[in-house]
């Protein structure tokens with residue numbers, strides 16, 4: 001574990017201690033991850049005869065969904081699944097065959113939140129065939145794509161998609177393709193020692209009630225797994241961009257893109273593909289929360305800062321929703337990351353000659369050279385269609401973000417052609433292929 005200064009470590013531990021005491025949590029553990037490694041671990045309360053350790057297991061609930069999402073994206077990258085595929089192409093016989101894989105991953109398929117069984121989090125689950133037999137048209141609550149509606153059932157269906165393509169259970173596929181490559185060997189479907197017992201804390205007395213635990217069967221992909229602070233720290237590092245042998249960096253970045261956001265003046269929470277998203281303290285966070293009877297957990301990462309945070313608790317309710325982000329705020333206060341030193345780079349003279357002022361009609365833009373032959377095109381004044389571009393082998397550039405994401409930039413003789421829009425050195429410069437002709441400035445009408 002990398003070192004953290006005494007002042008920061010003390011402030012983090014105090015915040016954790018206040019939460020455990022004031023929220024009356026039987027035990028609470030947390031980790032800060034930096035640059036792919038745990039930088040701080042703290043714990044309060046007891047599990048058995050001692051304090052929780054990095055190897056103590058807790059249930060992680062719906063954090064399971066983010067891991068299942070990673071396996072689905074592996075199927076996509078292998079060409080076995082397209083995100084626009086209807087579910088029925090892969091799993092027949094449900095009333096939701098028209099809902100797409102992407103909509104299931106982003107909770108925009110309109111499916112009911114819970115399966116048509118007894119309270120599934122508190123009762124033994126059913127095999128998939130028995131669950132599917134209970135599904136009816138009433139399980140569709142909204143038109144697909146209309147709105148975000150969190151659906152545990154949707155991830156039960158995605159687990160079956162994984163199982164049918166891999167010829168094994170979703171859990172075995174997850175273990176082989178994600179958990180083992182990331183070294184998450186203490187993440188399991190059922191608890192192993194040492195593990196915390198799940199409790200409900202009486203609202204008006206300091207007494208505990210043990211909560212049930214079982215195999216959720218077909219609903220297990222929605223929230224079955226147990227994990228440890230050490231393993232969940234590896235997951236946080238993965239979400240922040242450490243993806244060896246599991247997902248291509250671009251695929252993980254796609255999972256972190258907002259597919260749906262809260263309806264507000266400025267979005268503060270949303271959902272990508274299997275990942276919850278949030279904005280807090282100037283950070284854009286990706287991760288997931290988890291809740292099962294007797295347990296709460298949260299993991300967030302900030303890929304831009306290569307930092308992550310997580311907590312795990314054995315209580316049904318009561319932990320502050322802002323605990324994880326407050327720990328990040330303490331980190332920022334006491335040990336903010338230093339910017340990397342600026343260093344000059346060697347530049348291709350031909351690319352260097354492209355930099356500077358360009359015009360889209362009368363509007364001035366600046367073209368800047370980025371590392372590894374990348375380009376940045378931004379308006380000189382105020383907001384506008386800003387994008388970054390990556391070089392391609394055919395001599396063109398591909399838009400990475402903003403309005404021109406996915407569009408192609410070509411360099412002509414004295415002009416730029418950006419998906420048919422012509423940028424010139426001077427406004428409406430003569431001699432460039434501007435449709436309609438550049439005309440003449442100041443000419444009488």
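The values are calculated or read from the model by the stated rules, or taken from the named source; none is laboratory data. Because the structure is predicted, anything quoted here is derived from the model rather than measured. Counting neighbours? That spans all protein chains shown, and the Cβs are built from the backbone with ideal geometry, glycine included.
Here's the yes/no breakdown for (1) assigned by TED's automatic domain parsing to the domain that holds residue 40; (2) over 24 Å from residue 158 (Cα atoms); (3) in contact with a helix residue (DSSP H, G or I) (Cβ under 9 Å, 6 or more places away or on another chain); (4) outside any strand (DSSP E or B):
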site: 267; (1), (2), (3), (4): yes, yes, no, yes
site: 278; (1), (2), (3), (4): yes, no, yes, no
site: 284; (1), (2), (3), (4): yes, yes, no, no
site: 288; (1), (2), (3), (4): yes, no, yes, no
site: 291; (1), (2), (3), (4): yes, no, yes, no
site: 296; (1), (2), (3), (4): yes, no, no, no
site: 309; (1), (2), (3), (4): yes, yes, yes, no
site: 317; (1), (2), (3), (4): yes, yes, no, yes
Discussion item. Condition first: more than 18 Å from residue 40 (Cα to Cα) and assigned to a helix (DSSP H, G or I). Now tell me which residues in region 240-259 satisfy that.
Written reply: 249, 250, 251, 252, 253, 254, 255
Worksheet entry | Residues located in region 240-251, provided they are in contact (Cβ under 8 Å) with a residue 60 or more places away in the chain and surrounded by 15 or more Cβ atoms within 10 Å (Cβ to Cβ) | 240, 241, 242, 246, 247, 251
Worksheet entry | Only one of 93, 79, 61 that is part of a loop (DSSP other than H, G, I, E, B), touching a strand residue (DSSP E or B) at 6+ places or on another chain (Cβ under 9 Å) and on the phi > 0 side of the Ramachandran plot | 61
Worksheet item: If you check residue 256 against the conditions, is it over 20 Å from residue 155 (Cα atoms), surrounded by fewer than 24 Cβ atoms within 10 Å (Cβ to Cβ) and assigned by TED's automatic domain parsing to the domain that holds residue 199?
Response: no
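Can you find a residue in region 63-77 that is surrounded by fewer than 18 Cβ atoms within 10 Å (Cβ to Cβ) and within 30 Å of residue 259 (Cβ to Cβ)? Before the answer, list the steps.
First, the residues of region 63-77 that are surrounded by fewer than 18 Cβ atoms within 10 Å (Cβ to Cβ): 77.
Filter once more, so that each one left must be within 30 Å of residue 259 (Cβ to Cβ): 77.
Scanning region 63-77 turns up at least one residue that is surrounded by fewer than 18 Cβ atoms within 10 Å (Cβ to Cβ) and within 30 Å of residue 259 (Cβ to Cβ).
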Discussion item. Being buried (at least 20 other Cβ atoms within 10 Å of the Cβ), under 17 Å from residue 223 (Cβ atoms) and touching a residue at least 40 places away in the same chain (Cβ under 8 Å) narrows it down to one residue among 155, 96; which is it?
Written reply: 155
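Of these, 188, 123, 108, 169, which one is assigned by TED's automatic domain parsing to the domain that holds residue 215, touching a strand residue (DSSP E or B) at 6+ places or on another chain (Cβ under 8 Å) and under 15 Å from residue 216 (Cβ atoms)?
After applying the criteria, what remains is 188.
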Practice prompt. Go through region 319-355 and give me each residue that's under 25 Å from residue 55 (Cα atoms), in a loop (DSSP other than H, G, I, E, B) and touching a strand residue (DSSP E or B) at 6+ places or on another chain (Cβ under 7 Å).
Written response: 319
Discussion item. Given the criteria more than 30 Å from residue 303 (Cβ to Cβ) and touching a strand residue (DSSP E or B) at 6+ places or on another chain (Cβ under 6 Å), does residue 29 qualify?
Written reply: no
Item to complete: Kindly check whether there is at least one residue in region 291-308 that is surrounded by fewer than 19 Cβ atoms within 10 Å (Cβ to Cβ), at pLDDT 95 or above, more than 16 Å from residue 275 (Cα to Cα) and touching a strand residue (DSSP E or B) at 6+ places or on another chain (Cβ under 6 Å).
Response: no
Worksheet entry | So residue 85, is it surrounded by fewer than 23 Cβ atoms within 10 Å (Cβ to Cβ) and closer than 22 Å to residue 109 by Cβ | yes
Response to the item:
Filtering region 371-387 for residues that are surrounded by fewer than 14 Cβ atoms within 10 Å (Cβ to Cβ) and farther than 19 Å from residue 410 by Cα leaves a count of 4
Worksheet entry | Failed item, numbered, when residue 399 is tested on (1) farther than 30 Å from residue 291 by Cα; (2) surrounded by fewer than 16 Cβ atoms within 10 Å (Cβ to Cβ) | (2)
Fill in: In region 186-222, residue surrounded by the fewest Cβ atoms within 10 Å (Cβ to Cβ) [restricted to those that are in contact with a helix residue (DSSP H, G or I) (Cβ under 7 Å, 6 or more places away or on another chain) and outside any helix (DSSP H, G or I)]
212
